[in-house]
Amino acid sequence: MADQKQSNNNINLEIDRLVHEPVRLKILAYLSAVESSDFVFLVSRLGLTMGNLSAHISKLQEAGYIKVDKSFKENRPHTTISLTDMGSAAFSKYRAGMLQLLQ
Amino acid sequence: MSENINLKEIERQVYLFYSEDGLADLAIGLMIFGFGIFLMVDLPALVGLLGFFPFMVWYLGKQSLVIPRIGSIQPNQEMKKQFVGYFITLCLIGLGVFVLYLLNRGSGETFLSLHPLMLFGFVLALAISSLGMVLKTSRFYFYGLLVFAALAAGEFLSTLITAIDPYLVAVISSGGIILLAGGITLIKFLKKYPVVTLEG
């Protein structure tokens, strides 16, 4: 019983809080399904305001989980977002951790 | 925002980028409808345009109507493999069927030599349905079935009706239905997603 409790605590400790937040988890899930996406795609799929999405994107970028490339396309700002290797590993680890926790 | 996170659903949502707008339907419908019309007005030379014009409609539609509304994605390696695999398989099937037709042409009255358009319909239906499988969009199965059923009906009616060419009617009507469905899907898409004007 004590071992089980200790084991559960260990799993809890390994859950990445940055990934655990539902919106950021969805962002990572979408990015894991593509090579890269632009900002508008995430806005349309997640149903967030641009400001809200920007805040989450910044946090993920600061953690090194995503890469953000800003450029101009036909005189308009264009932001391309992709998952980094670190982000991909964090997302995979989170999924594995959650599966382990729920089993 | 819903807190439900379903990875399969997210993957499906990503694939919807390629089919939600109805432009693929419009391109397929234009190809089939145009093929029928050009043959009906006896301008088979214009059929070559159908390899180009529907693609232009799809491309320009994506650029001017879709990307300003839902943005764009670059497919990952898995998606790229699926798309390339689809086109290679389709080319091989098309080539195989063409060879089969040529071999059968000189061997008397076989089913394939007597009904080449049934074979054409089958390949077309297979191509459209398998595109639905690749894009995870079920309405393409219906289109495939529709094209095959229309051509089969044309085949059956060709023995009964001689005043008009039932094959052409079948091709034009099935293409027209797909065009209409594509148009309705596009209108729904435009209503659902407004143009996103500012970027973060």
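The values are calculated or read from the model by the stated rules, or taken from the named source; none is laboratory data. Just so we're clear, the structure is a prediction, and the values are computed from it rather than from any experiment. Glycine gets a Cβ as well: all are built from the backbone with ideal geometry, and neighbour counts include every protein chain shown.
For the range B:15-57, give me each residue that is surrounded by 13 or more Cβ atoms within 10 Å (Cβ to Cβ) and either in contact with a strand residue (DSSP E or B) (Cβ under 6 Å, 6 or more places away or on another chain) or of a type in the set (F, W, Y) (or both). Spell out the reasoning first.
So in the range B:15-57, the residues surrounded by 13 or more Cβ atoms within 10 Å (Cβ to Cβ) come out as B:15-40, B:46-47, B:49-50, B:53-55, B:57.
B:Y15, B:F17, B:Y18, B:F33, B:F35, B:F38, B:F53, B:F55 - these are the residues of the range B:15-57 that are surrounded by 13 or more Cβ atoms within 10 Å (Cβ to Cβ) and either in contact with a strand residue (DSSP E or B) (Cβ under 6 Å, 6 or more places away or on another chain) or of a type in the set (F, W, Y) (or both).
Which residues, taken from the range A:38-68, are in a strand (DSSP E or B) and either within 14 Å of A:V19 (Cβ to Cβ) or at pLDDT 95 or above (or both)? If the condition is that a residue be in a strand (DSSP E or B) and either within 14 Å of A:V19 (Cβ to Cβ) or at pLDDT 95 or above (or both), then A:I66, A:K67, A:V68 are the ones that fit. Exactly one residue out of B:V57, B:V47, B:V41 is within 19 Å of B:F140 (Cβ to Cβ), among the β-branched types (V, I, T), more than 9 Å from every other protein chain (Cβ to nearest Cβ) and without any contact (Cβ under 8 Å) to a residue 40 or more places away in the chain: that is B:V57.
Have a look at A:S82, A:S71 and point out the one that is more than 19 Å from B:P75 (Cβ to Cβ) and assigned to a strand (DSSP E or B). Selected residue: A:S71, the only one of A:S82, A:S71 that is more than 19 Å from B:P75 (Cβ to Cβ) and assigned to a strand (DSSP E or B).
Give the residue, chosen from A:F39, A:F72, that is exposed (fewer than 12 other Cβ atoms within 10 Å of the Cβ) and closer than 28 Å to B:K192 by Cα.
Criteria check complete, one pass: A:F72.
Restricting attention to the range B:173-184, does a residue exist that is surrounded by fewer than 19 Cβ atoms within 10 Å (Cβ to Cβ), more than 28 Å from B:L65 (Cα to Cα) and of a type outside the set (S, T, N, Q)? No, the conditions are met nowhere in the range B:173-184.
Given the structure, is B:Q63 farther than 29 Å from B:F122 by Cα and facing chain A (nearest Cβ under 9 Å)? Show your work before the answer.
Values: farther than 29 Å from B:F122 by Cα: yes; facing chain A (nearest Cβ under 9 Å): no.
Considered against the rule, which asks whether it is farther than 29 Å from B:F122 by Cα and facing chain A (nearest Cβ under 9 Å), B:Q63 comes out as no.
Within the range A:44-63, residues that are under 12 Å from A:R24 (Cβ atoms) have Cβ atoms under 7 Å from residues that are in a loop (DSSP other than H, G, I, E, B) in these pairs: A:L46/B:M1; A:L48/B:M1; A:L53/B:G200, counting only partners at least 6 apart in sequence or on another chain. For the range B:96-153, a residue qualifies if it is touching a residue at least 40 places away in the same chain (Cβ under 8 Å), part of a helix (DSSP H, G or I) and among the polar types (S, T, N, Q), and exactly one does: B:S130. Among the residues of the range A:55-66, those identified as buried (at least 17 other Cβ atoms within 10 Å of the Cβ) and within 12 Å of chain B (Cβ to nearest Cβ) are A:H56, A:I57. Within the range A:59-97, the set of residues being of a type in the set (S, T, N, Q) and more than 19 Å from B:V196 (Cβ to Cβ) comprises A:Q61, A:S82, A:T84, A:S88, A:S92. All conditions but one from (1) in contact with a strand residue (DSSP E or B) (Cβ under 6 Å, 6 or more places away or on another chain); (2) closer than 30 Å to A:A96 by Cβ apply to B:K8; the one that does not is (1). Being in contact with a Ser or Thr (Cβ under 9 Å, 6 or more places away or on another chain) and within 14 Å of chain A (Cβ to nearest Cβ) is the filter here; which residues of the range B:157-200 pass it? Answer for the range B:157-200, where residues must be in contact with a Ser or Thr (Cβ under 9 Å, 6 or more places away or on another chain) and within 14 Å of chain A (Cβ to nearest Cβ): B:Y193, B:V196, B:E199, B:G200. Of the set (1) farther than 27 Å from B:L23 by Cα; (2) in contact (Cβ under 8 Å) with a residue 60 or more places away in the chain, all apply to B:G183 but (1).
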